[in-house]
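Below is one structure; the comments refer to it alone.
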Amino acid sequence: MNDTQVTLVGHVATKVDYKETPNGPAARFRFAVTPRYFDRRKDAWTDGTTSFYTVWARRTLAVNLAGSVSVGEPLVVHGRLRVRTDPPDGEGNRRVAAEIDATAVGHDLNRGTAAFRRIVRTDTPLMPTQNAAVV
């Protein structure tokens, strides 16, 4: 497998867009990453140019992401980097977009605290259905 795996640290830039698709749940949001560096001439920390990525999540990660993440929160995102180039527009300009197929997403605990809640999966429903016979 020759995928490019990346880990990004940044902030949620847009609301999580969650959808149920024929292939299962999917969610996406825009993620802002701003590098900081120490400028020796100014003797101060300086922000670099912000890069924006579209982060995609599928299945259980999408469901948990939609219920856990809000705009402005600091996250760590790990996944496969994809760079997509759209066909030229009427003026011959091409648009390039960087996307991350997330395999893991979590809050950046350097910037705050979190309370983790494990989701317990069951194979049998907790309540019998109306048509099921009660033994």
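The values are calculated or read from the model by the stated rules, or taken from the named source; none is laboratory data. Bear in mind the structure is a predicted one, so any value in this text is a computation, not a measurement. Positions of Cβ are backbone-derived with ideal geometry, glycine not excepted, and every protein chain shown enters the neighbour counts. Accessible surface is based on the protein model in full, side chains and every heavy atom, while ligands, DNA and RNA are left aside. Shrake-Rupley method; radii C 1.70, N 1.55, O 1.52, S 1.80 Å.
Just the residues that are of a type outside the set (S, T, N, Q), assigned to a strand (DSSP E or B) and open to solvent by 40 Å² or more (accessible area, probe 1.4 Å), please, taken from region 86-104. Break it down into steps so the answer makes sense when it comes.
Residues of region 86-104 of a type outside the set (S, T, N, Q): 86-92, 94-102, 104.
Then drop every residue that is not assigned to a strand (DSSP E or B), which leaves 96-102, 104.
Residues satisfying the conditions are Val96, Ala104.
Candidates are the residues of region 105-135 that are at pLDDT below 90 and surrounded by 10 or more Cβ atoms within 10 Å (Cβ to Cβ); the one that is nearest to Tyr53 (Cα to Cα) is Ala114.
Residues are listed down the side, and each one gets a yes or a no for (1) of a type in the set (A, V, I, L, M, F, W, C); (2) within 11 Å of the chain's Cα centre (by Cα); (3) farther than 21 Å from Val9 by Cβ:
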site	(1), (2), (3)
Val55	yes, yes, no
Arg59	no, no, yes
Leu65	yes, yes, no
Arg84	no, no, yes
Val96	yes, no, yes
Asp101	no, yes, no
Ala104	yes, yes, no
Ala115	yes, no, no
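In region 42-62, the residues that are under 30 Å from Gly24 (Cβ atoms) form Cβ pairs under 8 Å with partners that are open to solvent by 100 Å² or more (accessible area, probe 1.4 Å), at six or more places apart or across chains, as follows: Arg58/Asn23.
Within region 5-27, residues that are touching a residue at least 24 places away in the same chain (Cβ under 8 Å) sit with their Cβ atoms under 9 Å from residues that are polar (S, T, N, Q) and in a strand (DSSP E or B), at 6+ positions apart or across chains, in these pairs: Gln5/Thr103; Leu8/Ser51; Gly10/Ser51. Taken together, the residues in region 19-38 that are under 13 Å from Val63 (Cα atoms) and over 11 Å from the mean Cα position of the chain (by Cα) amount to 5. The single condition among (1) surrounded by 10 or more Cβ atoms within 10 Å (Cβ to Cβ); (2) at pLDDT 95 or above that Gly72 does not satisfy is (1).
What is the residue count in region 2-19 for residues that are over 12 Å from Glu73 (Cα atoms) and at pLDDT 95 or above?
7
Please indicate, with yes or no, whether at least one residue in region 52-63 is part of a helix (DSSP H, G or I) and either open to solvent by 90 Å² or more (accessible area, probe 1.4 Å) or among the polar types (S, T, N, Q) (or both). Taking every residue of region 52-63 in turn, at least one turns out to be part of a helix (DSSP H, G or I) and either open to solvent by 90 Å² or more (accessible area, probe 1.4 Å) or among the polar types (S, T, N, Q) (or both).
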